[in-house]
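Accompanying notes for the structure given below.
The values are calculated or read from the model by the stated rules, or taken from the named source; none is laboratory data. Everything numeric in this text was worked out from a predicted model, so none of it was measured. Every residue, glycine among them, receives a Cβ derived from its backbone with ideal geometry; neighbour counts consider all protein chains shown.
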Amino acid sequence: MIFLVAEFRSAMADLFRTRRDFWVVAGLVLFGALVSAAELLAAQLFSIIIIPGEGPARSTNDTIWLAVAFLVVFGGLRVLNFGQSLYRVNVFEKAFQGTSASRAGESWRWATAMELTSILSMSARIVVVSAALVLLSPLFAAANALIALVVLQMFGMTLRRQLVTQQRFREQQLAKDPASSADKVRARIKAGELGALLASVGVMILMAVLIALTILGEIPAGAALVSFLAVRMIGQMYSGISTGLMRFARARVNSD
C-alpha cells in the first residue's frame, strides 16, 4: 500500500509540474468521489421506492414523484461523468503544452495520465463508498476496511512486479531484441486479471458477511440492499484498478 502511494505521488509530480495543474487534477478525482456518494444516495432512494416503509402507506402519487426524482438523479450522474471525462482531456492538454518530449514520449505521458487519474478516481470512490457503509452498519464497514487493506497490499505487490517486467521489456527493445507482442500483452493481462480475481474473493467474503449480518437482524432490509449495491460498486472498482495498474505500469516505464 505504501508503495502504491509513493508511486502515485511520483507520477503526479512528474506529469503535473505546476501547482495549478496538480490541484485541478486532484479536484477532478474528488469530484468523481462525490459522484459515487450521489450514486449511493440514488441507491438509497431506490430502496425507499421498492421496499415498503413501516409508517403510513405511501400514495401512488408520492411513489411516482420518488421514481421521477430517482430517474433525474440517476440520469444527472451519467451526464456529470460524461462532462468530467471531457474536461479531463482539456486539463491534460494544457498541462502537457510546451513539453520537450518526442511524439512517442508525449503519447506515453497521455497514457500515464489517463490511467493514473482513472485509478485515483476509482480509489477515491472506494473511500467514499466505504465511509458511507459506516452509516449503514459499522460492523460491516469494519469488515470492508479489513478486506480493502488486504486488497491494496496485494495491488502494491502486483504493481511492483509489473514495473520490473515492463522495464525488462523496454530494455530488450532498446537492445534490439524485443519480446513478442503476445508476451507483452499476456504479461499485462495475466497480472491484471489475476489481481481482479483475487480481489473478487474479498468481495465474495464481504457478501457472505453481509448476508450473515442481515439474517441475524444486524442490518435492516433497506440498508442491506444499499450495502449490497455498494459492495458491487467496490468490486467493479477493484477490477478496474487491477487492470488499470498494469496499463499504468507499461505507460509509466515507457514515458520515462
Checklist entry - Taking residue 141, is it under 23 Å from residue 242 (Cβ atoms), touching a residue at least 12 places away in the same chain (Cβ under 8 Å) and surrounded by 14 or more Cβ atoms within 10 Å (Cβ to Cβ)? => result no
Checklist entry - So which residues in the range 195-248 are among the hydroxyl-bearing types (Ser, Thr, Tyr), buried (at least 22 other Cβ atoms within 10 Å of the Cβ) and over 25 Å from residue 108 (Cβ atoms), if there are any at all? => result 227, 238
Checklist entry - Out of the residues in the range 214-256 that are in contact (Cβ under 8 Å) with a residue 12 or more places away in the chain and assigned to a loop (DSSP other than H, G, I, E, B), which is farthest from the chain's Cα centre (by Cα)? => result 218
Next on the checklist: Taking the criterion of being closer than 20 Å to residue 237 by Cα, hydrophobic (A, V, I, L, M, F, W, C), part of a helix (DSSP H, G or I) and modelled with pLDDT under 90, would at least one residue in the range 80-98 satisfy it?
Outcome noted: yes
Next on the checklist: Residues to consider are 206, 146, 163, 194; find the one that is under 18 Å from residue 230 (Cα atoms) and touching a residue at least 24 places away in the same chain (Cβ under 8 Å).
Outcome noted: 206
Checklist entry - Among the candidates 8, 31, 46, 22, which residue alone is aromatic (Phe, Trp, Tyr) and crowded, with 19+ Cβ neighbours inside 10 Å? => result 46
Checklist outcome for this item: Looking across the range 24-67 at residues that are over 26 Å from residue 78 (Cβ atoms) and part of a helix (DSSP H, G or I), the single one that is modelled with the lowest pLDDT is 60
Checklist entry - Taking the stated definitions as given, is residue 192 at pLDDT 90 or above, buried (at least 19 other Cβ atoms within 10 Å of the Cβ) and at negative phi? => result yes
Checklist outcome for this item: Within the range 1-23, residues hydrophobic (A, V, I, L, M, F, W, C), more than 15 Å from the chain's Cα centre (by Cα) and assigned to a helix (DSSP H, G or I) come out as 2, 3, 6, 11, 12, 13, 15, 22, 23
Item to check | Unmet criterion (only one of (1) crowded, with 19+ Cβ neighbours inside 10 Å; (2) in contact with a Pro (Cβ under 9 Å, 6 or more places away or on another chain); (3) polar (S, T, N, Q)) for residue 255 | outcome: (2)
